[in-house]
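Input: a single structure, listed below in structure tokens.
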Amino acid sequence: MIKKLLNPIGVYPSNSLFVLGLLSLVVSTYLATVFSVRMDGVLDLHVVSEVSMEEGFSDAIINVLSLFIFLFAFGKWYNPATRAIDILNTVLIARIPYYFLMLFNLNNLLYNLTEPLAKNPKGALEHLDSNAYIFLGLFSLFAILLLVVYLIILFRSYKVSVNGKGNRFILFFALSIILAEILSKTIINLL
């Protein structure tokens, strides 16, 4: 079961994955507004004071399209038989675990803890109680875990989608993520 969840491409029908991916995109937009979270890069997540529906939606679309553009371009270069729907499903489905991080900002809890740290790290650390340290530690561990799961799903699904093997494939994958992160951050910051 875990193997199917970590590599859904090739296991589940493309149409089902596409519908699930689109639904998750809509839900993530809603969650971003409710929990005041900006996903302002393909690997980024930041808590802010508030997020409009337009910001949440544009973040989601820009991130998906940025990653899709590079993964598809390198996929076609690597294997001309690469299908766009498989790459789009790969991107949409891989992002789902990352959306769970938004729940940590219930009632702006994470924002209220981290905003003073951003403004005055030394002074704010002195005023944190042990519960805040535990919460931030758990969030950090969960964030790392979900980032790893996101990247595992992305890598395995991409590997199936392009029939990837060897060092050249790994290089294309890594380069795609780096370029997509740069593109998404640039576009989001310009908006």
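The values are calculated or read from the model by the stated rules, or taken from the named source; none is laboratory data. Keep in mind that this is a model prediction, so the values were computed, not measured. All Cβ positions, even for glycine, are placed from backbone atoms using ideal geometry, and neighbour counts span all protein chains on display. With ligands, DNA and RNA removed, areas are computed over all heavy atoms of the protein, side chains included. Shrake-Rupley method; radii C 1.70, N 1.55, O 1.52, S 1.80 Å.
Restricting to region 112-135, give me the number of residues that are at pLDDT 80 or above and open to solvent by less than 60 Å² (accessible area, probe 1.4 Å).
The total comes to 5.
Going through 138, 103, 109 one at a time, which residue ends up being among the hydrophobic types (A, V, I, L, M, F, W, C), free of Cβ contacts under 8 Å to residues at least 12 places away in the same chain and open to solvent by 40 Å² or more (accessible area, probe 1.4 Å)? Walk me through how you get there before you give the answer.
Numbers: 103 fails: free of Cβ contacts under 8 Å to residues at least 12 places away in the same chain; 109 fails: free of Cβ contacts under 8 Å to residues at least 12 places away in the same chain.
Selected residue: 138, the only one of 138, 103, 109 that is among the hydrophobic types (A, V, I, L, M, F, W, C), free of Cβ contacts under 8 Å to residues at least 12 places away in the same chain and open to solvent by 40 Å² or more (accessible area, probe 1.4 Å).
In region 83-100, how many residues are free of Cβ contacts under 8 Å to residues at least 60 places away in the same chain, open to solvent by less than 40 Å² (accessible area, probe 1.4 Å) and either closer than 22 Å to residue 13 by Cβ or not in a helix (DSSP H, G or I) (or both)?
To start, the set of residues in region 83-100 that are free of Cβ contacts under 8 Å to residues at least 60 places away in the same chain comprises 84, 97-98, 100.
From the residues that got through so far, the ones that are open to solvent by less than 40 Å² (accessible area, probe 1.4 Å) too are 97-98.
Add one more test, that the residue is either closer than 22 Å to residue 13 by Cβ or not in a helix (DSSP H, G or I) (or both), and what stays is 97.
Here the count works out to 1.
Go through (1) without any contact (Cβ under 8 Å) to a residue 40 or more places away in the chain; (2) open to solvent by 60 Å² or more (accessible area, probe 1.4 Å); (3) not in a helix (DSSP H, G or I) and name the single condition residue 49 misses.
(1)
Would you check if residue 64 is of a type in the set (A, V, I, L, M), open to solvent by 60 Å² or more (accessible area, probe 1.4 Å) and under 20 Å from residue 184 (Cα atoms)?
no
Can you find, within region 160-178, the residue that is nearest to residue 61 (Cα to Cα) among those that are touching a residue at least 12 places away in the same chain (Cβ under 8 Å) and open to solvent by 60 Å² or more (accessible area, probe 1.4 Å)?
Residues of region 160-178 touching a residue at least 12 places away in the same chain (Cβ under 8 Å): 160-164, 168-169, 172-173, 175-177.
Now restrict to residues that are open to solvent by 60 Å² or more (accessible area, probe 1.4 Å): 160, 163, 168, 175.
Values: 160: 24, 163: 26, 168: 28, 175: 20 Å.
Only one residue fits best here, namely 175.
If you go through region 124-133 one residue at a time, do you hit one that is in contact (Cβ under 8 Å) with a residue 24 or more places away in the chain and outside any loop (DSSP other than H, G, I, E, B)? Quick ask: steps written out before the conclusion?
Here is the first cut: in region 124-133, the ones in contact (Cβ under 8 Å) with a residue 24 or more places away in the chain are none.
Within region 124-133 (the criterion being in contact (Cβ under 8 Å) with a residue 24 or more places away in the chain and outside any loop (DSSP other than H, G, I, E, B)), the answer is no, since none of the residues qualifies.
Going by the structure shown, is residue 114 in a helix (DSSP H, G or I), within 14 Å of the chain's Cα centre (by Cα) and either hydroxyl-bearing (Ser, Thr, Tyr) or at positive phi (or both)?
Details: in a helix (DSSP H, G or I): yes; within 14 Å of the chain's Cα centre (by Cα): no; either hydroxyl-bearing (Ser, Thr, Tyr) or at positive phi (or both): yes.
So residue 114 does not fit the description; no.
Can you tell me which residue in region 179-191 is modelled with the highest pLDDT, limited to those that are in a helix (DSSP H, G or I) and open to solvent by 80 Å² or more (accessible area, probe 1.4 Å)?
Taking region 179-191 and keeping what is in a helix (DSSP H, G or I), we get 179-190.
Going one step further and asking which of them are open to solvent by 80 Å² or more (accessible area, probe 1.4 Å), we end up with 182, 189-190.
Numbers: 182: 95, 189: 90, 190: 91.
Per the criteria, the residue is 182.
From the list 69, 62, which residue is among the hydrophobic types (A, V, I, L, M, F, W, C), within 15 Å of the chain's Cα centre (by Cα), in a helix (DSSP H, G or I) and modelled with pLDDT of 95 or more? Please lay out each step first, then the result.
Values: 69 fails: within 15 Å of the chain's Cα centre (by Cα).
Just a single option satisfies the conditions, and that option is 62.
Inspect region 17-34 for any residue being assigned to a strand (DSSP E or B) and hydroxyl-bearing (Ser, Thr, Tyr) and give the result as yes or no. Break it down stepwise before answering.
Looking only at region 17-34, we keep the residues that are assigned to a strand (DSSP E or B), and these are none.
No.
Looking at the structure I just gave you, is residue 148 in contact with a strand residue (DSSP E or B) (Cβ under 8 Å, 6 or more places away or on another chain) and either open to solvent by 40 Å² or more (accessible area, probe 1.4 Å) or part of a loop (DSSP other than H, G, I, E, B) (or both)?
So residue 148 does not fit the description; no.
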